[in-house]
Amino acid sequence: MSEKKKKPLGEILKEENIVKEEALKEALAEQKSSGKKLGNILVDKGLASMRDIIYALALQTKGKTPAQIATSLPLSIIDRIKRKRIPIRVKLSILITAIIVVIMFLSSYLILSRQREQFTKQMIAFGTTIVGNLSNNSSISLLEDDEASLNILIEQVSKNKEIVYAMVIDKKGVIKVHTDISKVDKKYEPLKDTIEVKKDESIEILKYREDEREILNFSIPVKYQKVAIGTIHMGLSLETLENNISEAKIFVIVLTILLILIGIGISLFMSTLFSKPVYNLVDGTREIKNGNFNYRIDLFSNDELGDLTLAFNDMADGLRKKEVIQESFGRYVTPEIVDMILQNPDEKWLKGKKLNVTVMFADIRGFTAFSEKKEPEEVVNVLNEYFSMATEVIQRHGGHIDKFAGDEIMVVFGAPIAYEDHSVRAVRAAVSLQNELRDFNLKKAGEGREAIRIGTGINSGDVVAGNLGSSKKMEYTVIGDNVNLASRLTREAKADDIIISDSVYEKVADIANVDKLEPVMVKGKSKPIQIYRVKELKSQGV
């Protein structure tokens, strides 16, 4: 079983009132010449959004939802992130919080590094002082081999909790006194896996790790009259330093957490304050899109967002004025001309050019006598009702109403909007106007009003089209011999007649049944003009 043919995308867009028929025709014409996809053309021209195109595709593809259409193609991780909607207030909060975290991390690192450096210097100065005093006070006792005095010195030093050990070594390298008695009288063994902190003639400081703690080993010679007689070794624990650093870390962490919480609160407040005008602008844009040009946004701040709000309100006011102008102007100028002027005010179409068009005149028969018998207000009301009905019929067939002259209408088909079938459109419009007028008269007959009957003349040919008038008032119109001929054919038309020239008949012979009439002489022509009376259309299709 064959698959059901899909409905064209353009037809769906038109049915859903997303794109107007004229705009769709232009896009289809461009598609035919350029080969681009219709959806891309409509989006590029601003006639539809990508969401509109996806929605139409969803309707076209067997009930798939827009979300299924939008996600039917494989997406990269970056694309998925881009499609993920994150509110601007959340983005700002994350950004501000991240900045606070980075600042606090860098500050903490610098502060703790500086504090460690200062504490280390203090410990080195403290150890250097103690070991220096030991060296000075133990020289005589070491020379005299007075172990009791040396023990007293070592014992006094070891009372400090930061000192791990202290020892006195004679010049042979034998430990004479040690805080650990078991090591006395043993050969001193140099430390392994040490890091040199400082070394000169007066002192050597090494750092090493023992039992998960760091120790500074201070080594200083014991001299008597500038002769080295031994060495003092003292171990200073860095545990206090590490405890101080740990306490500082805890303080910094607590402070960081506190500042992050405060920062999150401030960022949420600031982002809400910033995003509220943005949300207001989004709401305003929706209102403008829906045609509410009177919508205004309240001004909350005197900054760039305030400037943006003022610009939005100015835009809305401009659009409202444009709409008023377009509506008011459209009563005096046809919609096609209004659109051309608003979209392309400086285009060359304003200047005269030669075009092949069809001109139609429709004149009310016996209206002069009617107007003499009626009050002016009634005459104007009757004309306005008739012109309103006629305008709808004519514009339905693509005609441009050139002017209303008294009780006569002049219509141009093929300008300013070009149609290849302008002759066919004119004849169809004339027949439709006669049919509508018949129904119009039946309706008004119940009100006791006299019937309106018209005679119509139609001619095709080359004319000069453009803006005519002065700098104060301009009028888009067509002029030329073929316009005059159409007007004179109208005079040959009796009530309910549609008279066409030979040039029109050549284009509508396949769609209209006509009576061939006797050639007539018209003013400005040296030879008789062959004319035809349209009886009916063979096909009522537009």
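Those residues that are aromatic (Phe, Trp, Tyr), more than 60 Å from the chain's Cα centre (by Cα) and either over 23 Å from Val157 (Cβ atoms) or surrounded by 14 or more Cβ atoms within 10 Å (Cβ to Cβ) (or both), I need them from the stretch 206-263; list them, please.
Once the filter is applied, which keeps residues that are aromatic (Phe, Trp, Tyr), more than 60 Å from the chain's Cα centre (by Cα) and either over 23 Å from Val157 (Cβ atoms) or surrounded by 14 or more Cβ atoms within 10 Å (Cβ to Cβ) (or both), the stretch 206-263 yields Tyr208, Phe218.
Does the stretch 461-482 contain any residue that is among the aromatic types (Phe, Trp, Tyr), buried (at least 21 other Cβ atoms within 10 Å of the Cβ) and under 56 Å from the mean Cα position of the chain (by Cα)?
Scanning the stretch 461-482, I find at least one residue that is among the aromatic types (Phe, Trp, Tyr), buried (at least 21 other Cβ atoms within 10 Å of the Cβ) and under 56 Å from the mean Cα position of the chain (by Cα), so the answer is yes.
When you scan the stretch 335-344, do you find a residue that is among the charged types (D, E, K, R) and modelled with pLDDT of 65 or more, even just one?
yes
Do we have any residue at all in the stretch 129-145 that's in the same structural domain as Lys226 (by TED's automatic domain parsing), acidic (Asp, Glu), surrounded by 12 or more Cβ atoms within 10 Å (Cβ to Cβ) and more than 60 Å from the chain's Cα centre (by Cα)?
no
Need a quick list: helices (runs of 4 or more DSSP H) entirely within the stretch 50-130 having at least 1 residues that are polar (S, T, N, Q) and modelled with pLDDT under 80.
Here the list reads 50-60, 66-70.
Can you find even one residue in the stretch 146-162 that is surrounded by 12 or more Cβ atoms within 10 Å (Cβ to Cβ) and among the basic types (Lys, Arg)?
no
So that you can scan it fast, the table gives a plain yes or no per residue for (1) in the same structural domain as Ser138 (by TED's automatic domain parsing); (2) in contact with a Ser or Thr (Cβ under 6 Å, 6 or more places away or on another chain); (3) not in a helix (DSSP H, G or I):
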| residue | (1), (2), (3) |
| --- | --- |
| Gly230 | yes, no, yes |
| Gly235 | yes, no, yes |
| Ile253 | no, no, no |
| Thr256 | no, no, no |
| Ile262 | no, no, no |
| Gly265 | no, no, no |
| Leu268 | no, yes, no |
| Thr272 | no, no, no |
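Taking Phe361, is it in the same structural domain as Ile498 (by TED's automatic domain parsing), surrounded by 13 or more Cβ atoms within 10 Å (Cβ to Cβ) and assigned to a helix (DSSP H, G or I)?
Answer is no for this residue.
Could you say which residue among Leu355, Leu350 is modelled with pLDDT of 85 or more, out of contact with any helix residue (DSSP H, G or I) (no Cβ under 7 Å at 6 or more places or on another chain) and of a type outside the set (Asp, Glu)?
It is Leu355.
Please state which one of Asp510, Asp496, Asp515 is in a strand (DSSP E or B) and surrounded by fewer than 20 Cβ atoms within 10 Å (Cβ to Cβ).
Only one candidate passes the filter, namely Asp515.
Identify, from the list Lys207, Lys192, Lys198, the residue that is outside any strand (DSSP E or B), assigned by TED's automatic domain parsing to the domain that holds Ile140 and of a type in the set (D, E, K, R).
That would be Lys192, the only listed residue that is outside any strand (DSSP E or B), assigned by TED's automatic domain parsing to the domain that holds Ile140 and of a type in the set (D, E, K, R).
Determine whether Ile163 is farther than 17 Å from Ile229 by Cα, at pLDDT below 85 and among the aliphatic types (A, V, I, L, M).
Considered against the rule, which asks whether it is farther than 17 Å from Ile229 by Cα, at pLDDT below 85 and among the aliphatic types (A, V, I, L, M), Ile163 comes out as no.
Taking the stretch 437-479 as the region of interest, how many residues are of a type in the set (Gly, Ala, Ser) and in contact (Cβ under 8 Å) with a residue 24 or more places away in the chain?
6
Starting from the stretch 39-51, keep only residues that are of a type in the set (Gly, Ala, Ser), then list their pairs with residues that are not in a loop (DSSP other than H, G, I, E, B) whose Cβ atoms are within a distance under 6 Å, requiring at least 6 positions of separation or different chains.
Gly39/Ile53; Ala48/Leu42
Considering only residues of the stretch 377-410 that are among the β-branched types (Val, Ile, Thr) and not in a strand (DSSP E or B), which is surrounded by the fewest Cβ atoms within 10 Å (Cβ to Cβ)?
Val380
So which of Leu299, Leu281 ends up being closer than 19 Å to Leu310 by Cα, part of a helix (DSSP H, G or I), outside the structural domain of Leu112 (by TED's automatic domain parsing) and hydrophobic (A, V, I, L, M, F, W, C)?
Of the residues listed, the single one that is closer than 19 Å to Leu310 by Cα, part of a helix (DSSP H, G or I), outside the structural domain of Leu112 (by TED's automatic domain parsing) and hydrophobic (A, V, I, L, M, F, W, C) is Leu281.
The values are calculated or read from the model by the stated rules, or taken from the named source; none is laboratory data. What you see is a predicted model, and the numbers here were worked out from it, not measured in a lab. Please note: Cβ atoms are built from the backbone with ideal geometry, for glycine as well, and neighbour counts cover all protein chains shown.
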